[in-house]
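K.L.:
One structure coming up, written as structure tokens, with questions to follow.
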Amino acid sequence: MTKEYTVDVVVAGAGGAGLAAAHAASKNGLSVLLLEKLPRIGGNTKISSGFFAVDTEEQRALGLNLSTKEAIDELQRHNHYLSNGALLKNIIEHAKETLEEVKSLGMEIELNKNENTTQFAHLGQPYRGGSYHMYMHKNESYERIQKSLENQGVRFEFGVTMKDLLQDENGRITGLRAVTESGQEVIVHAKASIITTGGFGGDKRRVAQVMRTINLRTLGVPNMGEGLSSMEQVGAVNIDGAALIHAAQMAESVVSQETKGKQLAGFNDSPLTQLLLSPLLWVDPQGARFTNEDAVYDTVEWSNAGYGVGGKYYYVMDCTTLEDYSKGTDLLISKSGPGASDAKGDFISLADEAVRQGIAFKGESLEELAQNAGMDEATFLATILEYNQMVAKKEDTSFSKSEASLKYPVAQGPYYAFIAQVVYLGTVGGVRVDKDLRVLDAYHKVIPGLYTGGANAGGYYAPRNYPAYEGLASGFSWTSGYLAGLAAVADIQHTIN
């Protein structure tokens, strides 16, 4: 038997965007039904660490006077003006307001001081590193948010997956169709439908097709693109949906249930993560060096560099380097992404175990290592020769790596090459919208009654490029959802009046 609802606003997806949209609509007197496929709120936003905003009270308390005008300029230039400038401007100008709304619902916030940034490349860059409003005590904070929304009158229905949108003969969206975990059909009639289902990160085949590589690794996000596909079916245009690549991790290994949970952010607790997060020699699958390895000090630049060679590369070292790590290297270990484990260990024994697990290769000679790893031998030998010369001279004439990072030659066998693969945290980007998150069709006309936000909304990022500003995706999620909710309120009130 079909279950039916009639409300002013239906929101599909209870991540940050959906929660903010529901709040904006309900606080303005509209009836709101919020559907979520999982048994809890938060979505991918709950995995994230913080909220990008400028000119906030937290920043001013630390003497940071950051202007929205400068932030808009920074992001526009970083995106090479490929983003929707009107949307970007609206998001930045309303981020502080949205942050205050989220705090009023119960989110506890603490600004991450710029000198404490985990991104060493962001030190001294306040718009990149001083914008990170960190979520504190997330479980309790999200419980308070849900309670606040329920007190406002928002109705939550969990275990409900969106299937498609309802559209009348005039092209207006009049609600949506969904299904419960038990297979019961759900029909929601609504004046406004806000689709915030979180992209398509769970659809590995679709991600591989969009990103043109099978080498990316997912952290297991559940979003399968239901909302995005539904919007496309009624005329929306997906302009830039792509994987949110975020750092890299060691290749898949034998992982016990006890350690699996520790890999939520992309790593385990092995001391070997110190090698992954060091600016050692990186080579592509053919054995050629491809970047300045100091990119490891910035999560986004690191993942972008790895993606440039297909999402998979090797980090190479010799036994002398491993012996030095066993003693405690003085090379600066990056804190990008979740950071490295600071555990001690015998790195040669650990490396040999990694070889047995199939996540690294070993060779008594460079030729043997190249053969075992499937690299082109001539290319790899030429790379090693050139790299060792640059280490000796303390000058990187190929990619301008810093002198401090030119510490370890690859000169004493046995030799090792570890597999690294770029990780993605779901997807970002999506359908074309106006500055207030109304969904547009192929002719840039509003599809009446349809709104979106978060990882379903396009135009905020340059294609396949997540800018290196801390908290940007999470801040966009909350703020875009809030603006979508306000747009729905304005449109419904205009229709009534």
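The values are calculated or read from the model by the stated rules, or taken from the named source; none is laboratory data. Everything numeric in this text was worked out from a predicted model, so none of it was measured. Positions of Cβ are generated from backbone atoms using ideal geometry, with glycine treated the same way; all protein chains shown enter the neighbour counts. Accessible surface areas use protein heavy atoms only, side chains included; no ligands, DNA or RNA. Shrake-Rupley method; radii C 1.70, N 1.55, O 1.52, S 1.80 Å.
K.L.:
Of 113/401; 3/147; 27/435; 204/344; 327/394; 113/138, which sit over 29 Å apart, Cα to Cα? Display every interim value, and only then the final one.
P.N.:
Numbers: 113/401 27 Å; 3/147 25 Å; 27/435 21 Å; 204/344 35 Å; 327/394 23 Å; 113/138 19 Å.
From 113/401; 3/147; 27/435; 204/344; 327/394; 113/138, over 29 Å: 204/344.
K.L.:
Would you kindly calculate the mean projected area, averaged across all directions, of the convex hull enclosing the Cα atoms of region 130-201, in square nanometres?
P.N.:
Details: hull surface 32.3 nm².
Averaged projected hull area, Cα only: 8.1 nm².
K.L.:
Still on this model: Show me the ranking of peptides 99-110, 415-426, 271-282 by mean Cβ neighbours inside 10 Å, starting with the highest. Intermediate values should be presented prior to the final figure.
P.N.:
On the way: 99-110: 18.0, 415-426: 24.8, 271-282: 23.1.
Per-residue mean Cβ counts within 10 Å order the peptides as 415-426, 271-282, 99-110.
K.L.:
Collect residues whose amide H, placed 1.01 Å from N in the peptide plane, falls under 5 Å from the amide H of residue 50; neighbours closer than 5 in sequence don't count.
P.N.:
135
K.L.:
Using mean Cβ contacts within 10 Å as the protection proxy, how do 351-358, 177-184 order, highest first? Mind dumping the intermediate values first?
P.N.:
Numbers: 351-358: 16.6, 177-184: 13.0.
My ranking of the peptides, most packed first, is 351-358, 177-184.
K.L.:
What percent does the relative contact order of the chain come to when contacts are Cα pairs within less than 8 Å and at least six residues apart?
P.N.:
Working: 1161 pairs, mean separation 123.0, N = 497.
With pairs under 8 Å counted, the relative contact order is 25 percent.
K.L.:
So, one more: Would you mind giving the average projected area, over all directions, of the Cα convex hull of region 339-471 in nm² with one decimal? Don't skip to the end; give the middle numbers.
P.N.:
Numbers: hull surface 54.0 nm².
Mean projected area for region 339-471: 13.5 nm², to one decimal.
K.L.:
Would you mind getting the accessible area per residue of region 94-136, heavy atoms of the protein chains only, 1.4 Å probe, in Å²? If you can, show how the numbers build up before the last one.
P.N.:
Values: 1720 Å² over 43 residues.
Here the per-residue accessible area is 40 Å².
K.L.:
I would also like to ask the following. Compute the accessible area per residue over region 1-63, keeping the other protein chains in place, probe 1.4 Å, unit Å².
P.N.:
About 35 Å² of surface per residue is accessible.
K.L.:
Counting DSSP beta bridges with both partners in the chain, what percentage is antiparallel, nearest 5? Write down the numbers at each step before the final one.
P.N.:
Details: 45 of 69 bridges.
Antiparallel bridges make up about 65 percent of those DSSP assigns within the chain.
K.L.:
Given the peptides 202-209, 333-340, 317-324, arrange them by the average over their residues of other C-beta atoms within 10 Å, most packed first. Please report the intermediate quantities before stating the final value.
P.N.:
Details: 202-209: 16.1, 333-340: 21.4, 317-324: 18.9.
Packing order, densest peptide first, comes out as 333-340, 317-324, 202-209.
K.L.:
Considering only protein heavy atoms and a 1.4 Å probe, what is the carbon-and-sulfur percentage of the accessible area of region 388-488? Kindly include the intermediate steps, with their values, before the conclusion.
P.N.:
On the way: 1600 of 3120 Å².
Ligands and nucleic acids excluded, carbon and sulfur reach 51 percent.
K.L.:
Turning to a different aspect of this structure: Using a simple spin-label model with points 7 Å from Cα along the Cα→Cβ vector, what separation in nm is obtained for residue 205 and residue 40?
P.N.:
For residue 205 paired with residue 40, the spin-label model returns 3.1 nm.
K.L.:
Could you give me the percent of Cα pairs per 20 Å distance bin for the chain, shortest bin first, beginning at zero and ending with the bin that holds the maximum distance?
P.N.:
Going from the shortest bin to the longest, the percentages are 24, 50, 23, 3.
K.L.:
Also, I was wondering about something else. Add -39500 (n - 2.57) for each DSSP H run of 4 or more in the chain, then divide by its residues: what number comes out at 222 nm, to the nearest 500 deg cm²/dmol? Walk me through the intermediate numbers first.
P.N.:
Numbers: 17 runs with 175 residues, N = 497.
Dividing the helical sum by the residues of the chain leaves -10500 deg cm²/dmol.
K.L.:
Next up: State in Å² the accessible area per residue of region 423-477; use a 1.4 Å probe, count heavy atoms of protein chains only, and round to the nearest integer. Don't skip to the end; give the middle numbers.
P.N.:
Details: 1420 Å² over 55 residues.
On a per-residue basis, 26 Å².
K.L.:
Tell me, how many Å apart are the Cα centres for region 1-79 and for region 429-494?
P.N.:
11 Å
K.L.:
Determine the shape class of region 281-411: with a ≥ b ≥ c the square roots of the Cα gyration tensor eigenvalues, call it rounded for a/c under 1.5, and otherwise prolate if a/b is greater than b/c, oblate otherwise. It would help to have the intermediate numbers written out before the result.
P.N.:
Working: a/c = 1.20, a/b = 1.01, b/c = 1.19.
Taking the square roots of the gyration eigenvalues as a ≥ b ≥ c, region 281-411 is rounded.
K.L.:
Which ³J(HN,Hα) values in Hz, rounded to whole numbers, follow from the phi angles of region 429-444 under the Karplus curve 6.51 cos²θ - 1.76 cosθ + 1.60, where θ = phi - 60° and Gly and Pro get x?
P.N.:
So the Karplus estimates, Gly and Pro as x, are x, x, 7, 5, 9, 8, 5, 9, 6, 6, 7, 10, 8, 5, 9, 6 Hz.
K.L.:
Moving on. Across region 128-134, in residue order, what do the Karplus-derived ³J(HN,Hα) couplings come to in whole Hz, using 6.51 cos²θ - 1.76 cosθ + 1.60 with θ = phi - 60° and x for Gly and Pro?
P.N.:
Karplus-based 3J(HN,Hα) across region 128-134 equals 8, x, x, 9, 8, 8, 7 Hz.
K.L.:
When the chain is fully extended, how far beyond the present Cα-Cα distance does residue 412 get from residue 116, taking 0.36 nm per residue of separation?
P.N.:
Values: separation 296, 0.36 × 296 = 106.56 nm, distance 3.68 nm.
Going from the current span to full extension adds 102.9 nm.
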